[in-house]
Amino acid sequence: MQSTHHTANRLSKLWLWMLPLLAVLLYACEGSDAQQSSYSEDQGQFFPVERPSAYNRPASLIAALEDTSSYWVDSVFNTLTPEERIAQLIIIEAFSNRGPKYEADVMRLIKEYKVGGIIFFQGGPVRQAKLTNAYQAASKVPLWISMDAETGVGMRLDSTVEYPSQQMLGALTDNELIYRMGVEVAQEFKRLGMHINFAPVADVNNNPNNPVISYRSFGEDKYDVTAKSIAYMQGMQDGGIMAVAKHFPGHGDTDVDSHYDLPVIPFGRGRLDSLEMYPFQELIKHGLGGMMVAHMHIPQLDPTPNLPSTLSEPIVTGLLKQQLNYKGLIFTDAMVMKGVTKFFEPGEAEARALMAGNDVLERLNSVPKAIRAVEEAIERGDLTQEEIDRRCKRVLAAKQWLGLDKYKPVALENLYEDLNPPMADLINKRIAEGAVTLLSNRKKMLPLQESQKQTVATLSIGATRVTAFQRQVNQIATETDHFFISRKANAKETKKLWKQLKKYDVVLVALYGPGLRPTNNVAYSKDATKLVQQLAKSNKAVITLFNNAYTLNQFPDIEESRALLVAYQGYFHAQAAAAEVIFGKVPARGKLAVTVNKHFAFGDGIYLNKPFMASAAAQ
């Protein structure tokens, strides 16, 4: 009995000693807020989840990338095979308007290769949200979702808000509006479950014949481009998404489109430092999260024949990482572009891009070929698994900063309403009013005064019906006749119209391109162009261009207009703002962001209604 008693005492003491340990074990096994493993039935995956309070989200993405102490990053990383770590560095394209077969192909890449993210293109918001939820549910690691949306999600999706082109933003004197736009773009991205915007375009467009940048740039002045790029970037990143500036080291002075060929940039380091790279250097100082490298051959930085900058170690690692000390994530431009595929096969190009120092490969021709080529580069010693692992952890750190450690599906309820908020409409209205640029105003033609003695007609060229500009004019000056004609009008049509217009005292002319967005070519017929010329020389025409400012060059003698305005594109608020400027309802404040020709240079823009401006400033 004594033996039994001693045994019982020992067991009792042992039990008391083990109680705290059992409590800890039960706490861990049953799932605590401190540190737990979570199985998501929706996602069919098993990965560690961190207690929210344990992750102190750094103020900047750069700080997050430099922090190596994240439990979530380490625990997710440890579930990945070497091949899956390579795949985390890959972003694949996806569309929401291509049907089930296409969607199944995207799903296969997510399930089979465990790619890191998606870049969405054309489609609709609800379709994209549903696909996002499905793709995320199938993914082993939460996907980061991106979009090439320089002008907001409306650039890619129907039924959503599109903001103005960067050239139009370049006309603004108030960069706070650009910051506010960036914040709003971020809110719309987050509402759609997206995390990365490949914007702003920080290229200085100093070549009027540039076929690929042009109106996508804030303009030709490096200081103005820099200030506006920083405003847009900070707005987006303060709103919680990653901005990726493009196209390093500067795609503004080329007449070749890298989508279709490899541009050659002849400039040396001195010129690039003083002009092209200036905005990128300043963005780096201000905490830019992502940088996109262009496909351009720059012999003075890397003489290797036909080598795109994307695949150049001296440019990506030597220049961007080491000399400019860039600590953010480096993305390639799309790897499907001819600027890279012309001289390098799929697979080889992606391996070389990682060897050059890029962190993330975007929009590939072949995911399996790319992964295989990277594995072969590791076997040859051209890359190390340690370097892949380091970049994979940086991608995971960015994902955590973007909130993917607490991933939630996109809510479909009220999606259209949330993506079309009143604030977005107000920002668009304010931008349009601030950007309208008055280039000539002979004999103080503007602002027009309503008068019963003065007959007024409006003419929209490039329209099939009365336009928003004409409707707005009609609200202000009711005694107005309206005409419209095609951009492709023939001699018979234009002669008949000219005969009708000659009897009016004032003709308000609206020039449109092929669509509401700006273009590089208005593509007017010879006869339509001649009609514009006749109107410009008639001493009665107020002409407004709703297109890329550079397209003024496509209209001979347009500088002779009695008054000439640029409203940059044909979206509703721009048309309404132009009409209001013409009648003095809002002041003209815009400044030309580019030099168009000898008549119209950077910075041109007549302030109209200065007393209004002064009183507004005083308030």
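The values are calculated or read from the model by the stated rules, or taken from the named source; none is laboratory data. Only a predicted model underlies this, so the values are computations on that prediction, with no experimental measurement involved. No Cβ is skipped: glycine too gets one built from the backbone with ideal geometry, and neighbour counts run over all protein chains shown.
Side notes on the structure shown:
- Residues (touching an Asp or Glu at 6+ places or on another chain (Cβ under 7 Å) and either buried (at least 23 other Cβ atoms within 10 Å of the Cβ) or small (Gly, Ala, Ser) (or both)) located in region 217-245: Ser217, Phe218, Ile230
- Residues (touching a residue at least 12 places away in the same chain (Cβ under 8 Å) and basic (Lys, Arg)) located in region 454-494: Arg465, Arg487, Lys488
- Selection count where residues are assigned to a helix (DSSP H, G or I) and surrounded by fewer than 22 Cβ atoms within 10 Å (Cβ to Cβ), scope region 137-153: 2
- Selection count where residues are in a helix (DSSP H, G or I) and either within 20 Å of Leu319 (Cβ to Cβ) or of a type outside the set (Lys, Arg) (or both), scope region 330-351: 7
- Among the criteria (1) in contact with a Phe, Trp or Tyr (Cβ under 8 Å, 6 or more places away or on another chain); (2) among the aromatic types (Phe, Trp, Tyr); (3) more than 17 Å from Val596 (Cβ to Cβ), the one Phe483 does not fulfil is (1).
- Test: residue in region 199-209 that is touching a strand residue (DSSP E or B) at 6+ places or on another chain (Cβ under 7 Å), in contact (Cβ under 8 Å) with a residue 60 or more places away in the chain and either under 20 Å from Ile330 (Cα atoms) or not assigned by TED's automatic domain parsing to the domain that holds Asp359 (or both): yes
- Residue that is outside the structural domain of Asn553 (by TED's automatic domain parsing) and in a strand (DSSP E or B), where the choices are His251, His259, His247: His247
- Enumeration of residues in region 535-575 that are touching a Gly at 6+ places or on another chain (Cβ under 6 Å) and hydroxyl-bearing (Ser, Thr, Tyr): none
- Filter result for Gly318 (in contact (Cβ under 8 Å) with a residue 60 or more places away in the chain and either part of a helix (DSSP H, G or I) or in the same structural domain as Phe267 (by TED's automatic domain parsing) (or both)): no
- Residue check for Ala104: on the phi < 0 side of the Ramachandran plot and surrounded by 24 or more Cβ atoms within 10 Å (Cβ to Cβ): no
- Search result, residues across region 249-289 that are touching a residue at least 60 places away in the same chain (Cβ under 8 Å) and among the acidic types (Asp, Glu): Asp261, Glu276
- The C-beta contact set for region 595-606 (first residue over 10 Å from Thr437 (Cβ atoms), second residue modelled with pLDDT under 95, distance under 8 angstrom, 6+ apart or interchain) comprises Thr595/Pro208; Val596/Pro208.
- Number of the condition not met by Thr132 [criteria: (1) at positive phi; (2) part of a helix (DSSP H, G or I)]: (1)
- Restricting attention to region 560-588, the residues being in a loop (DSSP other than H, G, I, E, B) and under 22 Å from Leu516 (Cα atoms) number 5.
- Some residue of region 257-280 being surrounded by 24 or more Cβ atoms within 10 Å (Cβ to Cβ), farther than 30 Å from Ala63 by Cβ and hydroxyl-bearing (Ser, Thr, Tyr): yes
- Close contacts from region 228-244, counting a first residue that is under 18 Å from Asp148 (Cβ atoms) and modelled with pLDDT of 95 or more and a second that is of a type in the set (Gly, Ala, Ser) and part of a helix (DSSP H, G or I), with Cβ to Cβ under 6 Å and a gap of 6+ residues or different chains, come to Tyr232/Gly182; Gly235/Gly182; Met236/Gly182; Met236/Ala186; Gly239/Ala186; Ile241/Ala186.
- Only a single criterion out of (1) over 22 Å from Arg517 (Cα atoms); (2) touching a Pro at 6+ places or on another chain (Cβ under 7 Å); (3) not basic (Lys, Arg) is not satisfied by Ala245, namely (1).
Here's the yes/no breakdown for (1) closer than 19 Å to Asp67 by Cα; (2) not assigned by TED's automatic domain parsing to the domain that holds Ser159; (3) not in a loop (DSSP other than H, G, I, E, B):
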{"site": "Ala353", "(1), (2), (3)": "no, no, yes"}
{"site": "Asn358", "(1), (2), (3)": "no, no, no"}
{"site": "Leu364", "(1), (2), (3)": "no, no, no"}
{"site": "Ala370", "(1), (2), (3)": "no, no, yes"}
{"site": "Glu375", "(1), (2), (3)": "no, no, yes"}
{"site": "Glu386", "(1), (2), (3)": "yes, no, yes"}
{"site": "Arg394", "(1), (2), (3)": "yes, no, yes"}
{"site": "Gln400", "(1), (2), (3)": "yes, no, yes"}
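- Single residue of region 372-386 satisfying the filter (of a type in the set (Asp, Glu) and without any contact (Cβ under 8 Å) to a residue 12 or more places away in the chain) that is farthest from Ala349 (Cα to Cα): Glu386
- The residues of region 434-453 that are over 13 Å from Ala579 (Cα atoms), among the polar types (S, T, N, Q) and in contact (Cβ under 8 Å) with a residue 12 or more places away in the chain, listed by number, are Ser440, Asn441, Gln452.
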